[in-house]
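Here the structure is laid out as structure tokens; the discussion comes afterwards.
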Amino acid sequence: MSRFLCVLRSWLLMVSVIAAGNTLQCFRDYSFVSEKLYTASPGLVNGLQARTFGVWTLLSSVVRCLCALDIRNQTPDSDSGFQCTSEHVALFSSQLVLYYITLFTFVVALAHFLSEVFIYHTAALTMGIMAPLMVASFSILGMLIGLQYLEVEAQSQNKKKN
């Protein structure tokens, strides 16, 4: 495994642990969400909205943790009869579905926070918003670069098999 992929796995695990902590804060006291994120409209934040945000954050945390643990998504083993056909490769590599799902969690988070700032005006560009924007942006960039490493590794493994 390349050094970059090792760093990316560590990054994903760290982001996952931080997200799990944020989840606990959302369930413990909903004022966390209004004081740190939705500072432009704190009156719109209630316990239900904070818990919903916490559930989304927990789901993202779990997906990111699973990707960090198994970045190549090698769960289908060769003994299971799983065969990768051209239909599987059409849009995404079937071996990297978890990777793409993890990437999309960051895309959704980035889109959410940008829309809250620039479309709905419920959040201001404070440090509480800038931090998730930066984490999502760096993560998207890192995962796109990591995708190149994973594709190169897959091609070199296919050449070894042939």
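Restricted to region 105-162, and to residues that are of a type in the set (Gly, Ala, Ser), open to solvent by less than 30 Å² (accessible area, probe 1.4 Å) and more than 12 Å from the chain's Cα centre (by Cα), which residue is farthest from SER2 (Cα to Cα)? Reasoning before the result, please.
At the first step, the residues of region 105-162 found to be of a type in the set (Gly, Ala, Ser) are 109, 111, 115, 123-124, 128, 131, 136-137, 139, 142, 146, 154, 156.
Keeping just the survivors that are open to solvent by less than 30 Å² (accessible area, probe 1.4 Å) gives 109, 115, 123, 128, 136, 139, 142, 146.
Next cut, more than 12 Å from the chain's Cα centre (by Cα) only: 115, 123, 128, 146.
On the way: SER115: 35, ALA123: 39, GLY128: 33, GLY146: 9 Å.
Here the answer is ALA123.
In this structure, does THR57 turn out to be open to solvent by 40 Å² or more (accessible area, probe 1.4 Å) and either of a type in the set (Lys, Arg) or touching a residue at least 12 places away in the same chain (Cβ under 8 Å) (or both)?
Working: open to solvent by 40 Å² or more (accessible area, probe 1.4 Å): no; either of a type in the set (Lys, Arg) or touching a residue at least 12 places away in the same chain (Cβ under 8 Å) (or both): yes.
In short, no.
For region 118-131, enumerate the residues that are in a helix (DSSP H, G or I) and in contact (Cβ under 8 Å) with a residue 40 or more places away in the chain.
First, the residues of region 118-131 that are in a helix (DSSP H, G or I): 118, 127-131.
Selection gives GLY128, ILE129.
Of all residues in region 24-58, which are acidic (Asp, Glu) and assigned to a helix (DSSP H, G or I)? Give the derivation first.
The first filter runs over region 24-58 and keeps only residues acidic (Asp, Glu), leaving 29, 35.
Once the filter is applied, which keeps residues that are acidic (Asp, Glu) and assigned to a helix (DSSP H, G or I), region 24-58 yields only GLU35.
If a residue has to be free of Cβ contacts under 8 Å to residues at least 24 places away in the same chain and in a helix (DSSP H, G or I) to count, how many in region 139-162 make the cut? Steps first, answer last, please.
At the first step, the residues of region 139-162 found to be free of Cβ contacts under 8 Å to residues at least 24 places away in the same chain are 141, 148, 152, 155-162.
If we keep only those that are in a helix (DSSP H, G or I) too, we end up with 141, 148, 152, 155-161.
So the count comes out to 10.
Does region 22-48 hold any residues that are open to solvent by 30 Å² or more (accessible area, probe 1.4 Å) and within 21 Å of the chain's Cα centre (by Cα), and which are they?
Correct list: ASN22, LEU24, GLN25, PHE27, LYS36.
For GLY21, indicate whether it is in contact with a Ser or Thr (Cβ under 7 Å, 6 or more places away or on another chain), assigned to a helix (DSSP H, G or I) and either modelled with pLDDT of 95 or more or not hydroxyl-bearing (Ser, Thr, Tyr) (or both).
Details: in contact with a Ser or Thr (Cβ under 7 Å, 6 or more places away or on another chain): no; assigned to a helix (DSSP H, G or I): yes; either modelled with pLDDT of 95 or more or not hydroxyl-bearing (Ser, Thr, Tyr) (or both): yes.
The answer is no for GLY21.
With the condition kept exactly as written, say whether any residue in region 81-104 is part of a helix (DSSP H, G or I), at pLDDT 95 or above, over 18 Å from ASN22 (Cβ atoms) and open to solvent by less than 20 Å² (accessible area, probe 1.4 Å).
yes
The values are calculated or read from the model by the stated rules, or taken from the named source; none is laboratory data. These numbers come from a predicted model, not from an experiment. Backbone-built Cβ (ideal geometry, glycine too); neighbour counts: all protein chains shown. Just the protein is used for accessible areas: all its heavy atoms, side chains included, with ligands, DNA and RNA removed. Shrake-Rupley method; radii C 1.70, N 1.55, O 1.52, S 1.80 Å.
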